[in-house]
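If you scroll down you'll find the structure; I have some questions about it.
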């Protein structure tokens, strides 16, 4: 259409795009069973993306009309999440098949780059879309390529080609776990006894406080205290469960949920009972379709089986955004919005989901609760090493012989982890350094390999344990490459809301590509990011950068 | 509000608990850079330029988002705070191209200030103001979206502060601008990443007004021009009464900005912000003119607004005024005291309206003075005067904040009162329930919680069904009815056979929805009703409003904030012009011409004998001209040859006049019938007060000189009066206002000086200490017995219903960009670029059935006339109904309209007549 014609054409319709009747029909048919709830926007986008392989703008327009939202409100959300592909009128839909190759740290160490190169030059690359994606939570099987929804472990170009040929695009379906949980582990017995009045809320909270259990998503807020704060708020109260572990190197939540989702659910029920909440949402990252299905099955099983009242339990699907693991960004996402972290105050315990007081827990935190209450806090407390107390799940990956999730005493050092659990370094690799808490927890040299790994023990080194994602690297690797990978990851995953993080991560990543790092400039960026970012992503993003300048100066400077 | 004591940069200070730290800093002249923060917007805290250090907190805090707490220790200039503030500014700068698009680039200003301290230490030189610095825009200016006629978007100057997003979404509630993508790829988009000019943007320019860097800026680089002066005034368009500031350079208005007036809080709409340049149009009349000998009257080949000298010859003011006045005088003497009439204008000031009606009454010797109120809300005023004793609104628009339920009926508020609509939309977003009742699904309907798309002409049926529902379901406020109303029984009996179920098919709305709305309204804590011309412009317009009054009274929804009746007034000064007496049956302040003792009062004040009989209304005057009983007409700023119904008749009437004097700023279609044309001043060229829909008296000020020999309207009126030999026409504008005030009890407390000082004062206002009463009828109504009178209404059909010959219903009205007959807005570049051609709104399926593509020409005919227009496919229409705006001279809608009148308000039925719609060959 010529410019003149385009201009003239718009006088013959109301302002803005014209709604296409065919697109309206598609949306009406697809969402016939749904109510146009704003908070379900992301679910609706998934339905459209699943059905049509992309989000045609005309469909989005029809969706906007159906939901009584402005076009741009749909656009904002759809364009925020990486798992949605918006296609403009007349634009081309992506190829029917996507392979997502993880290029985060553990996979990078295991040759993700070579895999991507091989795939991009392979024969099938034309009908295939190859996407670099951040951590998909299978770092123990690096490198990982996800074909459709099917994770290909220790992927090779041949393995990917085979999967394409055989159209292996679905995820594994996990088997039902209710019977095992109820019969073998006395599942739901403790919750039932709570309902029966055998335990008081006070007793339960005291037990949790006594155990010293802290939030295991990364921030480490004491669980018992959180419940007390929630109980002080005026209801209705919500519970939101964060199953969006996206910190590179973290895969513990996936593993425990693959094994036993009911333990989480019982923890959730006990929490709901304790804080008198009737509505719970489980937010599951889109990279974990098997877990999402298993959880849905578990909830359905429980609903059928239970002879007691249950709170409402909804399961929501993320859409490819690390930032939604940030507690308030997750709430925004559950409300059907862009995953923008909120500013505090108010804290989400006061004003959280839909403006109501909200208890948010990481999956593992809830997972521990039935066990702790059943067995008492004593055993948990008595565990621990190097002067620390409790048990932790460490996601161990990188250059070790046997990566995996290990339940180990809190305070264990990385050397002990490598030797006892990881069965030592890979052959031919010499321990050089490690990341104690994923991409954001900083980088430490082998010389600090005996520091106890726990909450509060790493601050003095400019690091933190976070979700206990320990990535080990060797003298064949460069700390600066790992730091650059981390900074690129932050730039990719920054929500873009605040200046320091949006601009700082991009600029830092550019500067970190230089052979000799401009230290002063980087330090200035780091200061602004740390001091002025809205959320933990931007505040912690300089950690790996600073650690390299501090512990590995030879890699980036003159000396 | 409790005061908080805390420490700011080592000083103990006191602040309100709700005050942001940034605002406290501003109050103490402590400069903290800030970019995403703006006084008219919700604090967002995304730019992170205003970070401060709070003792005991790990990270810094954005001062715009934090309130003080007792004992808090805040530091704005610690090393850390400064490092973050300057670091953020530097980061933002690094993302920009360096091109400058506005003199008021806030990022540059903060950076300059940051560097300033160092400079000051070096040399104590005079700081240059922005205007003195010549900005060199870097070559190869950045990517620009210039698709919109008024607004450019330079993405290379965007700092993603989201001020525009909040302005568009939360202030104007238009929701066109948003953020797309994330991280470093985050960017501002319109709709689905469309060009601004292709988006749903309505051009209000709020985004431009708040943009800190000129990324969104006014077209043609006007933001880089330095104004010679800035003049505070009022918008010349609709009755909302937005306060604004004219930026003037070389006697030209270069741009307009919203000001914090009580009715607009800095907001403007596309007309107010971009529709100012009509005053500089080359077709402005600059010299008085008299019709050339032998040139026939009418819209004939001699008529050309661009070349008036084909029809007229230029004369001196002396000659023009003498000729105008002498002929009027000779008609008065030759054809009698009732042979003259005058149309005043709701576009002028109060003082002009007052002078004009005084001229007619004193010099013409009769009460034949009217204005366009007759064509818009005459029926509303008739019903309100009859029912509650006052024709003005009971509550102001801003009251929507307090309303639990808001009903908007027969009003395309987003198009015709755009800034008022923003407050309604905001209230809905904040939780009020919005009910929209209209045959067209336009604007507000999209945001309504409940939308009734009823059939045109079925207002009485619908409203009576609601009355029936509230009575039947026991939802009425019996105490209110007993104490404050009379004749309730008449209503009860009248609506007995109007059940929602019976009326549903007449209205085209399911009975349950009618009942739902009735229940919502009746059971609301506070509920307010707004209406527009969709209610009033019917032959049963008065009945429609009677029903609204009854509904309001039965439910006791009046006399409190957030309740009441609000007919949205059309013209900028239609309230004021009516108040000032520009109506044939009333003197100023609605004192009846035939009321006891009233005439005597005005005869004493004006030192003249006055006609005891009420005069004729607009359409009656046209009929009287036809009948040759009126021979001379003086029109100030009205355009009946476009605005009156059944134009062929109206235009024929105008040719019958012996003498027509037209005073205007352009050669309007009405001038084609004039004997004398007097060049007048446009609104920004004069001083005077205007009264908005909320009863706020506001000050308009002269910003530029008028072109050529054009003169102020008040001067012209006074000159004619003097030449007609009457006294009392020699005062200055403030003196005229003060004379008016002495005769108008409702504005007693509002002196000229007070308006000059306060910019806006609400009446009724009894004395200088009275802040003005925003809510009226609190305890009583200004009727004889203090009670509201309830008047029943029966069903009556439109004068002309569609039939086999004329199957479509035609509704007329305005569109957002064009004002009334288009004389101003079609001469505004931006407005005419957005809507340049006549369009008729037709339902897409009707078009399909006719085999007409959108944009094709159609012929529309009624029993009275025919015209051609382009068809617009408009899903907001119902089948069988079409809408034609009356602003296009090429397709003058009023050629088709029916002049049948409402018997009480004498308002023509602009909203309903039968037409055919056919493809043009």
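Hey, got the average number of other protein chain Cβ atoms within 10 angstrom for residues in B:89-102?
Per residue, the average neighbour count from other chains is 2.
Can I ask one more? Just report the Cα centroid separation between the stretch A:205-250 and the stretch A:500-515, whole Å.
The stretch A:205-250 and the stretch A:500-515 have Cα centres spaced 34 Å from each other.
Any chance you could check the Cα centroid distance between the stretch B:867-916 and the stretch A:365-428 for me, in angstrom?
Between the Cα centres of the stretch B:867-916 and the stretch A:365-428 lies a distance of 79 Å.
Still on this model: Give the value in nm², to one decimal: projected area of the alpha carbon convex hull of the stretch A:366-410, averaged over all directions.
3.9
Grab the DSSP H runs of the protein assembly as shown that are 4 residues or longer, score each as -39,500 (n - 2.57), total them, divide by all residues and round the 222 nm result to the nearest 500 deg cm²/dmol.
Result for the protein assembly as shown: -9500 deg cm²/dmol, rounded to the nearest 500.
How do the peptides B:766-775, A:13-22 rank, highest first, by the average count of neighbouring beta carbon atoms within 10 Å per residue? Write down the numbers at each step before the final one.
On the way: B:766-775: 14.1, A:13-22: 16.2.
Highest mean packing first, the order is A:13-22, B:766-775.
A follow-up question, please. Apply the a/c threshold of 1.5 to the C-alpha gyration tensor of the stretch B:382-511 and tell me whether it is rounded, prolate or oblate.
Judged from the Cα gyration tensor, the stretch B:382-511 comes out oblate (a/c at least 1.5, b/c at or above a/b).
Next question. Taking one equal scatterer on every alpha-carbon of the stretch A:115-254, how large is log10 of I(q)/I(0) by Debye at q = 0.09, 0.15, 0.16, 0.19 1/Å?
-0.51, -0.93, -0.99, -1.19
Compute the angle between helix B:378-388 and the longest alpha-carbon principal axis of chain B, please, reported from 0 to 90 degrees and rounded to the nearest 10.
Between helix and principal axis, roughly 90 degrees.
Tell me the angle of helix B:511-523 to the major Cα principal axis of chain B, expressed in degrees between 0 and 90 and rounded to the nearest ten.
70
Sticking with this one: Across the residues of A:53-60, average count of Cβ atoms on other protein chains within 10 Å?
1
Using per-residue counts of other Cβ atoms within 10 Å, averaged over each peptide, order B:752-758, B:716-722 from highest down.
Per-residue Cβ counts within 10 Å, averaged per peptide and sorted highest first, yield B:716-722, B:752-758.
Regarding the stretch A:179-293, what are the three Cα extents along the principal axes, ordered largest first, in Å?
38, 34, 27
Evaluate the stretch A:25-86: find the radius of gyration of its Cα atoms, find its Kirkwood radius, and give the ratio Rg to Rh.
Computed over Cα atoms, the ratio is 0.90.
Shifting gears a bit: Just need the Rg to Rh number for the stretch B:1-58, please, alpha carbons only, Kirkwood Rh. Spell out each step's value before the answer.
On the way: Rg = 11.9 Å, Rh = 12.5 Å.
Taking Rg over the Kirkwood Rh, I get 0.95.
Against the globular-protein guess of 2.2 N^0.38 Å, express the Cα radius of gyration of the stretch A:434-513 as a ratio, rounded to two decimals.
Cα-based Rg divided by the globular estimate yields 1.16.
What's the center-to-center distance, using Cα atoms, between the stretch A:256-283 and the stretch B:165-190 in Å?
37
Rounded to whole Å and sorted largest first, what semi-axes of the equivalent ellipsoid does the C-alpha gyration tensor of the protein assembly as shown yield via the square root of 5 times each eigenvalue? Spell out each step's value before the answer.
On the way: eigenvalues 923, 243, 189 Å².
Taking √(5λ) for each Cα gyration eigenvalue gives 68, 35, 31 Å.
Restricting to bridges with both residues inside chain B, how much of the DSSP beta-bridge set is antiparallel, in percent to the nearest 5?
Antiparallel bridges make up about 60 percent of those DSSP assigns within chain B.
Send over the Kirkwood Rh of the stretch B:535-601, from the inverse of the averaged 1/r over different Cα pairs, rounded to one decimal Å.
Averaging 1/r across every pair of different Cα atoms and inverting gives 14.2 Å.
Diagonalise the Cα gyration tensor of the stretch A:168-224 and give the resulting equivalent ellipsoid semi-axes, square root of 5 times each eigenvalue, largest first, whole Å.
Details: eigenvalues 175, 91, 13 Å².
Semi-axes from the Cα gyration tensor: 30, 21, 8 Å.
With a/c under 1.5 counting as rounded, go ahead and sort the stretch B:874-921 into rounded, prolate or oblate using the C-alpha gyration tensor (a ≥ b ≥ c being the square roots of the eigenvalues; past the cut-off, prolate if a/b is larger than b/c, else oblate). Walk me through the numbers before you get to the answer.
On the way: a/c = 2.11, a/b = 1.57, b/c = 1.34.
Verdict is prolate for the stretch B:874-921.
Something else: Put one equal scatterer on each alpha carbon of the stretch A:461-559, apply the Debye formula with no solvent term, and list log10 I(q)/I(0) at q = 0.11, 0.23 1/Å to two decimals.
The calculated log intensity ratios at q = 0.11, 0.23 Å⁻¹ are -0.29, -1.27.
Could you calculate, for the stretch A:39-154, the ratio of the Cα radius of gyration to the Kirkwood radius, expressed as Rg to Rh?
Ratio of gyration radius to Kirkwood radius for the stretch A:39-154: 1.05.
Hey, could you pull the Cα Rg and Dmax for the stretch B:329-369, both in Å?
Looking at the stretch B:329-369, its Cα Rg and Dmax stand at 10.8, 33 Å.
Something else: Checking the a/c ratio against 1.5 first, then a/b against b/c, what shape does the Cα gyration tensor give for the stretch A:257-313? List each step's numbers first, then the result.
Working: a/c = 2.03, a/b = 1.51, b/c = 1.34.
Prolate.
Return one number: the angle in degrees, 0 to 90 and rounded to the nearest 10, between the long axis of the Cα atoms of helix B:733-743 and the longest principal axis of the Cα atoms of chain B.
Rounded to the nearest ten degrees, it is 60.
Return the average number of partner chain Cβ atoms within 10 angstrom of each residue Cβ along peptide A:63-70.
Details: counts 0, 2, 2, 0, 0, 4, 1, 12.
What the average comes to for A:63-70 is 3.
Ignoring solvent entirely, what values of log10 I(q)/I(0) come out of the Debye formula for chain A at 0.08, 0.09 Å⁻¹ when each Cα is a single scatterer?
Here the Debye-derived log intensity ratios amount to -0.55, -0.70.
Remind me, what semi-axes does chain B give for its equivalent ellipsoid, largest first in whole Å, using sqrt of 5 times each Cα gyration tensor eigenvalue?
Each semi-axis is the square root of five times an eigenvalue, giving 46, 34, 29 Å.
Now, a different point. Any chance you could list P(r) for the stretch A:214-350, counting all Cα-Cα pairs in 5 angstrom bins from zero, rounded to whole %?
2, 9, 19, 23, 23, 16, 7, 1, 0
Given the convex hull over the Cα atoms of the stretch A:301-379, what projected area results after averaging over all orientations, in nm²?
Projected over every direction and averaged, the Cα hull of the stretch A:301-379 covers 7.7 nm².
Let me ask something else about it. In Å, the Kirkwood hydrodynamic radius of the stretch B:205-270 over pairs of distinct alpha carbons? Walk me through the intermediate numbers first.
Working: mean 1/r = 0.0807 Å⁻¹.
Roughly 12.4 Å, rounded to one decimal.
Read-outs: derived from the displayed coordinates by stated rules, not from any lab. Keep in mind the model is a prediction, meaning the values are calculated, not measured. Please note: Cβ atoms are built from the backbone with ideal geometry, for glycine as well, and neighbour counts cover all protein chains shown.
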